[in-house]
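Structure first, commentary second.
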């Protein structure tokens, strides 16, 4: 009986440890999430809705569209054909960007 309890304990501990390792690669452990969601007396932080942009190709140039309407916000002078093939492929599909800081950094990468 003691062996069965010991083996069960080792299995449960191992599964918990593996789950923590997998979740920690995403930035925080499942233990932290469970503890916050279950025992926190503070309200959960509200996330502000982020504006979505799509960086894509328009007439062979890098362009920015509003993610909700699809309306072109900005068309750059950067020709897509001079960019690496992988970047060209991503731009043809459209790259979703969630905020202005990410948009600025992405445009700096492509347009400088």
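Laboratory data are not the source of any read-out in this text; all were calculated from the coordinates shown. Here the structure is a predicted model, which is why all the values come from computation and not from measurement. FYI the Cβ positions are ideal-geometry reconstructions off the backbone, even for glycines, and counts take in every protein chain you see.
Numerical summary
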quantity: Computed lengthening from residue 109 to residue 71, 0.36 nm per intervening residue step minus Cα-Cα distance; calculated: 11.4 nm
quantity: Likely footprinting exposure, 83, 105, 91, fewest C-beta neighbours within 10 Å first; calculated: 105, 83, 91
quantity: Likely footprinting exposure, 11, 95, fewest C-beta neighbours within 10 Å first; calculated: 11, 95
quantity: In Å, descending, principal axis extents of the Cα set of region 53-111; calculated: 27, 21, 19
